[in-house]
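Student: Take a look at the following structure, please.
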Amino acid sequence: MKSASTYNAETIPDLLAPGGALSHDVPSYEDRPYQRELALEVARLFEEGGRLAVEAPTGIGKSLAYIVPAAVWSLAGNGPVVIATHTRTLQDQLLRLEAPRLAKTVGRPLRVELLKGRTNYLCRRRFEALAAEATGSGTQELFGRIRPWMEQTLTGDLAELESLRPGERLFLEARVASDLRFCAHSRCTPDTGCFFKRARARAGEANLLIVNHALLAIHLFGGRDLLSGFDALVVDEAHAFVRVALDHLSDYVGQARIAALVEDLPGRRTQMPALMSGEGASRLAAVHRAYSRVDTEARTYFGSKNGARPGEDPRQRYRDSDELTALNPLSPEGLRDALGTLSADADTLRHFLESRPDEDDDRSLVTRSGIERFRAEVASLRDSFEHLVQPEMGESDQVTWKEWGEGAGFSLRSTPIELGPRLAGQLREGPTAVVFTSATLAAGGDFSFFASEIGLDHGLPSIAYPSPFEFERQAIFLAVRRGPDPRQPGWAETTAFTLAALLQDPGRKTLALFTSYRDLGNVADCLRLTPPDFSLLVQEPRSEPSSLLDRFRKAERALLLGTATFWEGVDLPGDDLEVLVLTRLPFGVPTDPRFAARAERLEAEGGNAFTGLYLPEAVLRMKQGFGRLIRRRSDRGIVAVLDPRLLGKGYGKRFAAALPLPVIEVSDGPALAQEAAQWWRRTSA
Ligand code: SF4
C-alpha cells in the first residue's frame with residue numbers, strides 16, 4: 001500500500017503513551033497498554049494493507065486505538081479513512097468525545113464528519129412543495145412544528161427532531177426527505193440550502209468519515225457511489241455488520257409493502273395541471289384503478305385468516321413453487337397479473353409526463369418524483385414477487401420463506417443464505433486496509449466463525465485482547481446445576497421464582513435476558529412475587545427498546561425482561577445494572593430459515609451444524625449478553641445463568657471457557673439467590 005513519507009506507524013503508540021500528546025490534553029488520561037498495542041497494529045495495517053479482526057473488550061480504549069492512527073494516516077496525505085459503526089451511541093462518542101481530542105493529539109487540525117443515508121436529511125424543496133398543497137390539519141400542524149427547526153438547523157438531519165409522534169418520522173422520510181428521483185432535475189446546490197448535498201460536500205473533505213453499517217452496506221452492495229474514494233476502512237461493532245448487510249440484501253412482498261406504495265401516488269385532486277384533465281387525468285385514473293386491483297388481489301393472496309399456531313415459528317421455509325403451493329394453495333396468478341397491469345399503466349403515465357417537460361415548478365417536481373418513485377417501486381415489487389413465488393428460477397444462494405405477521409396475513413421473504421461470499425467479492429475491489437473490530441468477535445480466542453461469516457476464512461489475521469477489568473474482584477458468575485431444562489414444563493415458574501428471590505435479596509437493578517418473546521411472556525406471567533417498590537419492565541414485540549432502557553435507567557429499583565435487542569449494545573454502567581440473569585443458553589432457533597439453510601449447506605459439505613454453526617453462534621451471543629454487566633473499572637455485579645445445560649452438557653464448557661470469570665456452581669435457583677445475596681453483602685462491606 002502506498003504511503004506518504006511522513007507516516008511512520010511505529011511512532012503512533014507514543015501519542016497515546018504516558019507523556020505523549022494525549023496525556024497532556026486529557027485530564028482523565030490513563031495509560032492503557034493494550035490500547036497502544038492495538039494502535040500499532042492498526043497503524044501498520046494502514047501502511048501495509050490487508051485485513052485484520054480485533055476483539056477488544058470494553059475498557060481497552062478501542063476507539064482511540066484506531067481513530068488516532070486513522071487521523072495520522074489521513075493527514076499524511078493518504079485520503080479519508082471511513083469508520084462504520086452500528087449504534088448511534090458510538091457515532092456520538094466518536095464525534096463529540098474522541099474527535100475534539102484528536103486534533104490536539106495529532107497536533108494538526110483535521111476534519112471528522114458524519115454522513116448518513118439520503119433519507120435522513122430533509123429536502124427543503126419537497127417540504128415547501130408539500131406544505132403548499134397540504135390540506136389535512138395533521139400535516140399542516142406537523143409542518144408548522146418542523147418549520148422553525150428547518151430554518152435554524154445546520155444539518156437538516158431528521159434525527160434532530162426528537163419529539164416526533166409515532167409514524168411521523170416515517171411520513172417525513174417518505175414525503176419530505178431527500179430523494180434522488182426528485183433531485184434529478186433540480187438546481188439546488190449546497191449553498192442554496194440542500195442539506196444532503198452539504199453533508200456530501202463535507203464528507204468529501206473529511207479526513208475521518210463516520211457512517212453507519214447500513215450506509216456502508218448500501219455503498220458496498222449498491223454501486224459504490226455513496227462515499228468518495230477511500231482506501232482504509234474500520235468496521236467497529238463488527239459483530240452486527242453481517243445482520244445489517246443481510247437486511248440490506250433481503251427482500252419481501254406482503255400487504256404492508258403494497259399498502260405503502262400508494263403514499264407516492266398523487267390523489268385525483270392533484271394540483272399538477274398536466275394531470276388535472278384530459279389524457280393526464282385518465283392515465284392517472286387508470287393507475288389508481290390498477291392499484292385498487294393489486295390491493296384487492298394482495299388482500300386475497302396474503303390475507304389468509306390462519307396465522308401460525310401458538311408456539312409455532314411464524315416462519316415456514318419453502319424451496320420451490322411446489323412447496324409454496326403446499327403452504328399456500330391459492331394461485332399467485334391473480335396478483336401477478338394485477339402487478340403486470342399496474343406496472344404497464346405506471347410506465348404509460350411516466351411517458352405521458354415526460355412529454356410535458358414544461359411543467360417543472362417545485363410542486364410539479366414533487367408530483368413527478370412521487371410518480372417516478374411509485375413506478376420504480378412497482379417494477380421492483382413485481383420482480384420481487386416473481387422471484388419469491390418461483391425461487392427455483394432465481395439464485396441458489398437465497399433462502400425463501402413464508403412469514404405470518406402479527407395479525408392475520410403473511411408475507412413472502414428471502415435473504416442470502418450467507419453474506420461471506422458476496423462481501424469477500426466486494427472487499428476484493430477495495431479498500432486496501434480493513435479492520436473489523438468489536439468487543440465480541442471470537443469464541444474462546446477462535447475467530448473462525450466470524451471469519452466465515454464475512455467470507456475471509458482463509459487465514460484472517462486476528463488478535464483477541466484480554467479484558468482490562470478485574471472480573472474476579474468485580475463480579476461473580478453463578479450457574480445452576482439442577483432445575484428444569486428450558487424446554488421442559490416448570491421452567492417458567494422456576495425462573496420467575498429465582499428472579500423474585502434475587503429481587504428480594506440482594507435487591508439490585510436486574511436485567512433478565514431471554515431468547516424468545518414466548519419464554520419472556522411465560523416468565524412475566526408467573527412473576528407475582530416482585531417487591532412492591534420494584535418497577536417491572538417487560539419488552540413486547542412492539543416495545544421501543546430505547547424507551548424501556550430510559551425507564552430502566554431512571555427507576556430506582558427495577559427488573560427489565562428483554563429479548564434479542566438487549567443481548568448486545570446496551571450500556572448500563574454503575575448501579576444502573578448490578579444483576580444480570582441469562583435465563584437460557586442463547587441457541588439460534590433451528591426453524592429460523594436462514595439458520596436451517598446454512599446448517600443444511602454445512603452438513604452437505606461434510607461439516608457438523610451443531611459444532612460449526614449453532615454452538616459458536618450461541619457462545620458469541622452469550623459473551624455479548626455477559627458483557628452487559630461490567631462496563632467500567634468501578635462496576636461490580638452478579639451474573640446468573642439459570643440454564644442447567646451450562647453445567648450439565650458437555651458443550652456447556654465451550655460457553656464457560658469463553659467467559660472471563662470462572663463459573664461457580666450452585667444446586668438450584670434458591671441456592672443461587674442465596675449465594676448472590678451473600679456475595680453482595682461480603683463485597684459491600
Ligand atoms: S438537491 Fe434534491 S435534496 Fe437537495 S434541496 Fe434540492 S431537491 Fe432537495
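Student: Excluding N8 itself, calculate the net charge of residues whose Cβ lies under 14 Å from the Cβ of N8, where each Lys or Arg counts +1 and each Asp or Glu counts -1.
Tutor: In short, -3.
Student: For the chain, list the cysteines whose Cβ sits under 4.7 Å from no other cysteine Cβ?
Tutor: C123, C183, C526
Student: I've got another one for you. What number results when the radius of gyration of the range 511-553, computed over Cα atoms, is divided by 2.2 N^0.38 Å?
Tutor: 1.18
Student: Which of the three applies to the range 493-582, rounded, prolate or oblate, going by the alpha-carbon gyration tensor with a ≥ b ≥ c and a/c under 1.5 meaning rounded? Display every interim value, and only then the final one.
Tutor: Details: a/c = 1.55, a/b = 1.06, b/c = 1.47.
Oblate.
Student: Another question, if that's okay. Treat every Asp and Glu Cβ in the range 251-411 as -1 and every Lys and Arg Cβ as +1, leave all other atoms uncharged, and give the resulting dipole magnitude about the Cα centre to the nearest 20 debye.
Tutor: I would put it at about 660 debye.
Student: When N is the residue count of the range 251-411, what does its C-alpha Rg come to as a fraction of 2.2 N^0.38 Å? Don't jump to the answer; show the numbers that get you there.
Tutor: Values: Rg = 18.1 Å, N = 161, 2.2 N^0.38 = 15.2 Å.
Here the answer is 1.19, to two decimals.
Student: Add -39500 (n - 2.57) for each DSSP H run of 4 or more in the chain, then divide by its residues: what number comes out at 222 nm, to the nearest 500 deg cm²/dmol?
Tutor: On the way: 30 runs with 314 residues, N = 685.
Helices in the chain give a 222 nm mean residue ellipticity of -13500 deg cm²/dmol.
Student: Taking the Cα centre of the range 471-684 as the origin, how large is its charge dipole in debye, to the nearest 20, when only Lys and Arg (+1) and Asp and Glu (-1) carry charge on their Cβ atoms?
Tutor: I would put it at about 420 debye.
Student: A follow-up question, please. Provide the net charge surrounding G507, with neighbours chosen by a C-beta distance below 14 Å and charges set as Lys +1, Arg +1, Asp -1, Glu -1.
Tutor: In short, -1.
Student: I'd like the GluC sites (Glu not before Pro) in the range 232-336 restricted to DSSP loop residues with at most 12 other Cβ atoms within 10 Å, sorted by number.
Tutor: Details: sites: E237, E263, E279, E297, E312, E323, E333; in loops: E237, E312.
Passing both the DSSP loop test and the Cβ count: E312.
Student: Express as a percent, rounded to the nearest 5, the fraction of DSSP beta bridges in the chain (both residues included) that run antiparallel.
Tutor: 25
Student: Then there is this: How do 501-512, 100-111 rank on mean C-beta neighbours within 10 Å, highest first?
Tutor: The densest-packed peptide leads the list: 501-512, 100-111.
Student: Sort V538, V68 so that the residue with the fewest other Cβ atoms within 10 Å of its own Cβ comes first and the one with the most comes last.
Tutor: Least crowded to most crowded, the residues run V538, V68.
Student: With charges only on Cβ, +1 for K and R and -1 for D and E, what is the dipole size of the chain about its Cα centre, in debye, rounded to 20?
Tutor: It works out to roughly 980 debye.
Student: Using only the Cα atoms of the range 317-369, what semi-axes does the equivalent ellipsoid have when each is the square root of 5 times a gyration tensor eigenvalue? Give whole Å, largest first.
Tutor: So the equivalent ellipsoid measures 40, 12, 7 Å along its semi-axes.
Student: How would the range 389-509 be classified by its alpha-carbon gyration tensor: rounded, prolate or oblate, with rounded meaning a/c under 1.5 and the a/b versus b/c comparison settling the rest?
Tutor: oblate
Student: For a footprinting-style exposure proxy, rank D575, D345 by other Cβ within 10 Å, fewest first.
Tutor: Arranged by neighbour count, lowest to highest, D575, D345 become D575, D345.
Student: Return P(r) of the range 1-92 (all Cα-Cα pairs; 5 Å bins starting at 0; whole %; ordered from short to long distances).
Tutor: Percent of Cα pairs in each bin: 2, 13, 23, 25, 20, 13, 3, 0.
Student: Hey, another quick one. Regarding the range 471-684, what's the average projected area of the Cα-atom convex hull, expressed in nm²?
Tutor: 11.7
Student: Have a look at P109, L577, P466 and report the one farthest towards the positive end of the charge dipole of the chain, computed about the Cα centre with Cβ charges (Lys/Arg +1, Asp/Glu -1).
Tutor: Of the candidates, L577 comes out farthest on the positive side.
Student: How much of the calculated P(r) for the range 118-196 lies past 16 Å, in percent of all Cα pairs?
Tutor: Considering the range 118-196, 47 percent of its Cα-Cα pairs are separated by more than 16 Å.
Student: Quick one: order D643, D485 by neighbouring beta-carbon count within 10 Å, fewest to most.
Tutor: Values: D643 26, D485 14.
Least crowded to most crowded, the residues run D485, D643.
Student: According to the square roots a ≥ b ≥ c of the eigenvalues of the Cα gyration tensor, what is the shape class of the range 526-653, taking rounded for a/c under 1.5, prolate for a/b larger than b/c otherwise, and oblate for the remainder?
Tutor: Prolate, since a/c reaches 1.5 and a/b exceeds b/c.
Student: For the range 180-316, compute the orientation-averaged projected area of the C-alpha convex hull (one quarter of its surface), in nm².
Tutor: 13.9
Student: Which angle between 0 and 90 degrees, to the nearest 10, do you get for helix 615-626 versus the longest principal axis of the chain when only C-alpha atoms count?
Tutor: It is inclined by approximately 80 degrees.
Student: Once each part is reduced to its C-alpha centroid, what is the distance from the range 453-503 to the range 609-669 in angstrom?
Tutor: Taking the Cα centre of each part, the range 453-503 and the range 609-669 sit 3 Å apart.
Student: Report the one residue of A65, G650, H288 whose Cα lies farthest in the direction of the positive end of the charge dipole of the chain (charges on C-beta: Lys and Arg +1, Asp and Glu -1; origin at the Cα centre).
Tutor: Of the candidates, A65 comes out farthest on the positive side.
Student: Let me ask you something else. Roughly speaking, what % of Cα-Cα pairs in the chain are separated by over 32 Å, rounded to a whole number? Don't jump to the answer; show the numbers that get you there.
Tutor: On the way: 138906 of 234270 pairs.
Roughly 59 percent, once rounded to a whole number.
Student: Translational diffusion coefficient of the range 235-327 at 37 °C, 0.692 mPa s, Stokes-Einstein with Kirkwood Rh over Cα pairs, in µm²/s as a whole number.
Tutor: So the translational diffusion coefficient is about 188 µm²/s.
Read-outs: derived from the displayed coordinates by stated rules, not from any lab. Every value quoted in this text rests on a predicted model; they were computed, and no experiment measured them. Neighbour counts are summed over all protein chains in view; Cβ atoms, including those assigned to glycine, are modelled from backbone coordinates with ideal geometry.
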